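Trainee: Okay, here's the structure, questions in a sec.
The values are calculated or read from the model by the stated rules, or taken from the named source; none is laboratory data. Not measured: the values here are computed from a predicted model. Virtual Cβ from ideal backbone geometry, glycine too; neighbours counted across all protein chains shown.
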Amino acid sequence: MSKNNDEFSRNSRFQRFGLVLAIIFFLISVVMVIRNHGGTETIFSPDTKVITFAHWQLEDGFREGFEEAIKIYEEEKARQGVKVKVRQLGIPIRGYSQWLLTQLIGGEPADVLELTGSSDIFNQYFVTLSPYIGERNPWNKGTPLENYSWRESFVDDMLASLDPNYSEFFSVNLFMMTVRVYANVDLIRKATGSDKMPDTVTEWLEICRKLREYGKATDRPVIPIGVRGFDKATLSTLFYDYNAQLNGDLSDFISAYGFGGVPADAFEAINNGTLDRERLLDPVRLIAEIGQYFAEGFPSIDLEQTKYLFFSGNVGFFIDGSYNAWSMVNNSPFEVKVIRLPELTAAHPLGGHALGRVNELGSGLGGKFGIPKRTKNFDLALDFLRFITSYRINQLTMVEHSRWLSSLKQVKYEGFMKDLEPITDTGYTGANDPFNNGGYSYRRVLQLLEKIIIEKPSDPGQMFWEGFLDDRPILTSELYETVLGIQRTLWSMDGSRSALSLGGSNPSLSEEERELFRRRGGITQEGVTGRYRNLDDNIRLMREVEKLKREKN
Amino acid sequence: MFQMFRIPVLLTFVCGAFAAVGSDEAVDAIMKAYSDMNYPQARKLAAKLPEHPEARLVTALCDLYDRTSPQIERAQQELALLFREESLSVRLRSEAGLSLARTAQLMKERRDIYGNAADIYDHLALFREVEELVPDSAMARDAFLYRIREELEREESRDAAFDELERFIVEFKGDARLLTPLRQMAEYEYIRLRSDYANAVRHLEAACAEGFDNPSEARSASFRLAFLCDRKLKDRERGIRYYRKFISEYPFAALSIVAKRFLKELGEESVEVGDVEEQ
């Protein structure tokens, strides 16, 4: 009997414990549900609307900036008699694409989302903003952007937001980015006896040479130029920038259709003898020279490793986007100066026809945010999107908290952020790089550059040219896929045309609504010729690349 | 006797009225779902009114354009029937005809995928019929845009196609803004096929005057106009005028800095916002 009583007592305690656990988990769930729905104010206040704002930007300051912005928004809306709670969701970038798709397909997406993915995803799931971008942003009242339309308030007039496949605006950009060089002043001073920063490539290479010598003399593993090797970002940046400095003037005459040009134009000019191919290979020779100051094994060093090496005090210069500027300056235990990529001048053997730095106005826009079609709170979502891209709030979140450049016009920068401002005092824009046709073939081009840096051939230009020609089948195959993609887009565009045409013919529409459909239809059809031009350019590129010869003309 | 049937007759009329209103609302809902490109919803709603012309049209269009579940052959057959049904409204018929013609045209450009499936449709003839059915409309413009591109591609029809393009634009009585996409095509093709910058610039100038719906196209066209006048036509006066206009309209654009450089090369002083005279 006693034994049975003991057993009963043990079972009873176990069951009680289980019951307590169940109650605890239930209470935790209730708390989480209440929290996820905006807090007790929302649960007990049915007229409070909750909107969710989701992104993958987990960098220092971003979320904090938006928490402050959200508080201001909620207060401002309360003053307007609108009860709203905004929930911010930060999702790690690795899982963001998957999470986003699940949200969009599952039918309960956040109300304002950071966009990633293809044009088809944007077209299918996101609201087109073109009906709204011509209106003024009401949140800009009392600011220098008060009289600008929402579109015009952006530094690039929303050019970067335009989807090239659907000729539509599915998002707005929150920030701008420039590329800069972060210099370890202490190390440079020790190596050169001076803290004068290089302005030209010649000066830069000389400092790099002294850094290397200093490393050998002191038995320190000094790396003159730290790079993001693993994702090839640094090589891509250097190749683009120095191609622009050397060949930016090609935009003045290479294309039959206007300013700029496409890769097909350059190769056609080489084939018909009007362009010396050596011009296109000079940037390769320059990169090969600069690359001698990268670390051993640089192709496998990623961003975090390079930043670690930099913070350890052994890297002289690190090239990266301005989004890392504050982190680099603030977290380094030594003085860091932010400088522009050095300018190629006539002092360098390759700089005889160099044009100088290119202007960065209107480039480097990022942080696309849009509204999914399935949002249950469209008006509030649009209002919030306008709010976070308004003059005061965008500076609060981007400049003050994140220390990033704003995507808006008329923003004044102070302190170290002035060093990040876009270059505007030159007359040349970035040049079209004929070797960059996107995709895997461009990755092969960057791998070729890596190989040239490592193997140090006597003629880097010729080695590059031959490697590029060896990869013609890969490039042609990709271009063919691009052509097919454009044809698919033309089909989808006709779907848009049809939808807008039928939508606009509804007799119950107001004049304003009808005009909106007309305008959206106009945007779609204005994109048709552009698609045909892309098609023709890609076909021409395939033809011209096939005709290129290995030997010099 | 009439008194006996008065209430049932009255009830019948009332029910009929409600049905009509309900049907109108249902059709509005179908059209709205389709114009939002919400194909699953549009299909679902259209399935409730399978014999209604709008529902039939939308179902066929969803079958054509919904890439998650295309039924192209079935769609095109239905669109061909709708296009020929003279009892239907001109609006529905022209939409059916235009979508049929366009997709047949695109299929013929991808014979590797579609083989000869679209050969039963004479898409060029269909385009012409749509142009005649709804002249001076956006649909006529689109039918012509798609057709003329193909005619210009063929050497044997090219000269006639250029003439027809000019005639269409001159004779078009609809909203002049509808001509912008055609003028873009004209500009491009005059350069591509004839290196004829005079005619290309003429159309570009007109398009800039009529206006673009896409602000990015507007900006790009504005700069291109200045550039082509300056660099291709060697028309210094117009080049300067249009560079200045561009700088005035887009002072913060990267190309405004390039425009200032070009003005300097033409021996002109740089401009600030507000300096440019109105056209």
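Trainee: With at pLDDT below 60 and either among the aliphatic types (A, V, I, L, M) or not assigned by TED's automatic domain parsing to the domain that holds residue A:109 (or both) as the only criterion, which of A:25, A:14, A:44 stands out?
Mentor: A:44
Trainee: So residue A:551 fits all but one of (1) over 27 Å from the mean Cα position of the chain (by Cα); (2) within 12 Å of another protein chain (Cβ to nearest Cβ); (3) not polar (S, T, N, Q); what number is the exception?
Mentor: Of the numbered conditions (1) over 27 Å from the mean Cα position of the chain (by Cα); (2) within 12 Å of another protein chain (Cβ to nearest Cβ); (3) not polar (S, T, N, Q), the odd one out for residue A:551 is (2).
Trainee: Among (1) in a helix (DSSP H, G or I); (2) in contact with a helix residue (DSSP H, G or I) (Cβ under 8 Å, 6 or more places away or on another chain); (3) of a type in the set (Val, Ile, Thr), where does residue A:319 come up short?
Mentor: Unmet for residue A:319, out of (1) in a helix (DSSP H, G or I); (2) in contact with a helix residue (DSSP H, G or I) (Cβ under 8 Å, 6 or more places away or on another chain); (3) of a type in the set (Val, Ile, Thr): (1).
Trainee: Another one. Can you name the residue in region B:107-118 that is of a type outside the set (D, E, K, R) and assigned to a loop (DSSP other than H, G, I, E, B) and is also farthest from the other protein chains (Cβ to nearest Cβ) among such residues?
Mentor: Looking at the filtered set, the residue picked out is B:116.
Trainee: I would also like to ask the following. What number of residues in region A:158-182 are out of contact with any Gly (no Cβ under 7 Å at 6 or more places or on another chain) and in a strand (DSSP E or B)?
Mentor: Adding up the residues that qualify gives 8.
Trainee: State the number of residues belonging to region A:362-416 that are surrounded by 21 or more Cβ atoms within 10 Å (Cβ to Cβ), within 21 Å of residue B:257 (Cα to Cα) and of a type in the set (A, V, I, L, M, F, W, C).
Mentor: 3
Trainee: Is it fair to say residue B:67 is at the interface with another protein chain (Cβ under 10 Å from one of its Cβ atoms), outside any helix (DSSP H, G or I) and among the basic types (Lys, Arg)?
Mentor: Yes.
Trainee: Could you look through region B:197-252, keep only residues that are in contact with an Asp or Glu (Cβ under 8 Å, 6 or more places away or on another chain) and of a type in the set (S, T, N, Q), and pick out the one that is farthest from residue A:516 (Cα to Cα)?
Mentor: In this case the residue turns out to be B:248.
Trainee: Out of A:430, A:467, A:438, which single residue is closer than 30 Å to residue A:539 by Cα, in contact with a helix residue (DSSP H, G or I) (Cβ under 8 Å, 6 or more places away or on another chain) and within 14 Å of another protein chain (Cβ to nearest Cβ)?
Mentor: A:430 is the lone residue from the list that is closer than 30 Å to residue A:539 by Cα, in contact with a helix residue (DSSP H, G or I) (Cβ under 8 Å, 6 or more places away or on another chain) and within 14 Å of another protein chain (Cβ to nearest Cβ).
Trainee: What's the number of the only condition in (1) outside any loop (DSSP other than H, G, I, E, B); (2) more than 23 Å from residue B:238 (Cβ to Cβ); (3) basic (Lys, Arg) that residue B:202 fails to meet?
Mentor: Here residue B:202 meets the rest and fails (2).
Trainee: Considering only region A:261-278, how many residues are free of Cβ contacts under 8 Å to residues at least 24 places away in the same chain, of a type outside the set (A, V, I, L, M, F, W, C) and within 14 Å of residue A:549 (Cα to Cα)?
Mentor: The qualifying residues number 1.
Trainee: Moving on. Which helices (runs of 4 or more DSSP H) does region A:55-154 wholly contain that include 2 or more residues that are more than 16 Å from residue A:369 (Cβ to Cβ) and of a type outside the set (Asp, Glu)?
Mentor: Qualifying helices (runs of 4 or more DSSP H): A:62-79, A:93-106, A:119-125.
Residues checked against (1) β-branched (Val, Ile, Thr); (2) closer than 30 Å to residue A:120 by Cβ:
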| residue | (1), (2) |
| --- | --- |
| A:371 | yes, yes |
| A:380 | no, yes |
| A:389 | yes, yes |
| A:398 | no, yes |
| A:416 | no, no |
| A:420 | no, no |
| A:432 | no, yes |
| A:441 | no, yes |
| A:444 | no, yes |
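Trainee: For region A:295-309, does any single residue satisfy the condition of being assigned to a loop (DSSP other than H, G, I, E, B), under 20 Å from residue A:342 (Cα atoms) and not small (Gly, Ala, Ser)?
Mentor: First, the residues of region A:295-309 that are assigned to a loop (DSSP other than H, G, I, E, B): A:295-297, A:301-302.
Those still in the list that are under 20 Å from residue A:342 (Cα atoms) too: A:295.
Going one step further and asking which of them are not small (Gly, Ala, Ser), we end up with none.
No, region A:295-309 has no match at all.
Trainee: While we're on this one: Can you tell me which residue within region A:331-346, out of those that are assigned to a loop (DSSP other than H, G, I, E, B) and polar (S, T, N, Q), is surrounded by the fewest Cβ atoms within 10 Å (Cβ to Cβ)?
Mentor: Within region A:331-346, the match that is surrounded by the fewest Cβ atoms within 10 Å (Cβ to Cβ) is A:345.
Matching residues to (1) part of a helix (DSSP H, G or I); (2) crowded, with 16+ Cβ neighbours inside 10 Å; (3) within 12 Å of another protein chain (Cβ to nearest Cβ):
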| site | (1), (2), (3) |
| --- | --- |
| B:93 | yes, yes, no |
| B:98 | yes, yes, yes |
| B:105 | yes, yes, yes |
| B:120 | no, no, no |
| B:135 | no, no, no |
| B:143 | yes, yes, yes |
| B:149 | yes, yes, yes |
| B:160 | yes, no, no |
| B:188 | yes, yes, yes |
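Trainee: Checking residue B:170 against (1) touching a His at 6+ places or on another chain (Cβ under 9 Å); (2) without any contact (Cβ under 8 Å) to a residue 12 or more places away in the chain, which test does it fail?
Mentor: That leaves (1) as the condition not met.
Trainee: Oh, and also: Picking from A:217, A:233, A:256, A:269, which residue would you name as being within 14 Å of chain B (Cβ to nearest Cβ), surrounded by fewer than 23 Cβ atoms within 10 Å (Cβ to Cβ) and hydrophobic (A, V, I, L, M, F, W, C)?
Mentor: One residue alone meets the criteria, A:256.
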